[in-house]
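Take a look at the structure set out below.
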Amino acid sequence: MIFRNCAGGVVFYANQVFLLKNEKNEWVLPKGKIRNDETSIDAALSRVKIETGIDAEILSTAGETCYEFFSISRKQPVCNQITWYIMATKGKEFQLNKNMNFKEGGFYCIDEAIEMITYSQDKSLVNLSYKKYKEMMKEKKEKVAV
């Protein structure tokens, strides 16, 4: 089995989260393999930028997920372990990377996004990340008000 370390972002704008529709018609979050001596933070930020065109900032860690699949090209199972980060962006502008076979993408309200997301662990990740994100935004407003 091949083990791959990956990183990705749960990107929020206001009360919306960014989702991508891949070539398999799955609604997913931006993520990718950590390469060479890249850190997980660098990989997460660069994958979000490469896949979506979004300049995001990391607010916090979001946790990890793991999944396995059988690689037809490598003729063996692959295990992806993904470190996730809660991210925010200042605008809703994005540019899908069509060369990476993404069909659709955009910011979606949380309830709608959770219904759309293909994998249950990603649904849970977005749900928990949104709760943490809301709490961080509330604390930020309270600090500004003081």
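The values are calculated or read from the model by the stated rules, or taken from the named source; none is laboratory data. Quantities reported herein were computed from a predicted structural model and do not represent experimental measurements. Methodologically, a virtual Cβ is constructed for each residue, glycine included, from the backbone with ideal geometry; neighbour enumeration extends over all protein chains shown.
Figures for the structure shown
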item	result
Of residues in segment 89-141 being of a type in the set (Lys, Arg) and part of a helix (DSSP H, G or I), the one nearest to Ala14 (Cα to Cα)	Lys134
Hey, Ala145 out of contact with any Leu (no Cβ under 8 Å at 6 or more places or on another chain) and either under 25 Å from Ile34 (Cα atoms) or free of Cβ contacts under 8 Å to residues at least 40 places away in the same chain (or both) or not	yes
Boolean, Asp37 is out of contact with any Asp or Glu (no Cβ under 6 Å at 6 or more places or on another chain) and part of a helix (DSSP H, G or I)	no
Segment 41-56 residues that are buried (at least 22 other Cβ atoms within 10 Å of the Cβ), paired with ones that are aromatic (Phe, Trp, Tyr) (beta carbon under 6 Å, 6 or more apart)	Ala44/Tyr85; Thr52/Phe94; Ile54/Phe94
Filter pass, Ile58 being within 18 Å of Ser120 (Cα to Cα), at pLDDT 95 or above, in a strand (DSSP E or B) and of a type in the set (A, V, I, L, M)	no
Those residues of segment 1-40 which are over 16 Å from Leu125 (Cα atoms), among the aliphatic types (A, V, I, L, M) and crowded, with 16+ Cβ neighbours inside 10 Å, in sequence order	Ile34
Val144 in a helix (DSSP H, G or I) and touching a strand residue (DSSP E or B) at 6+ places or on another chain (Cβ under 7 Å)	no
Output for segment 25-40, where each listed residue is without any contact (Cβ under 8 Å) to a residue 12 or more places away in the chain and either among the acidic types (Asp, Glu) or under 12 Å from Met100 (Cα atoms) (or both)	Asp37, Glu38
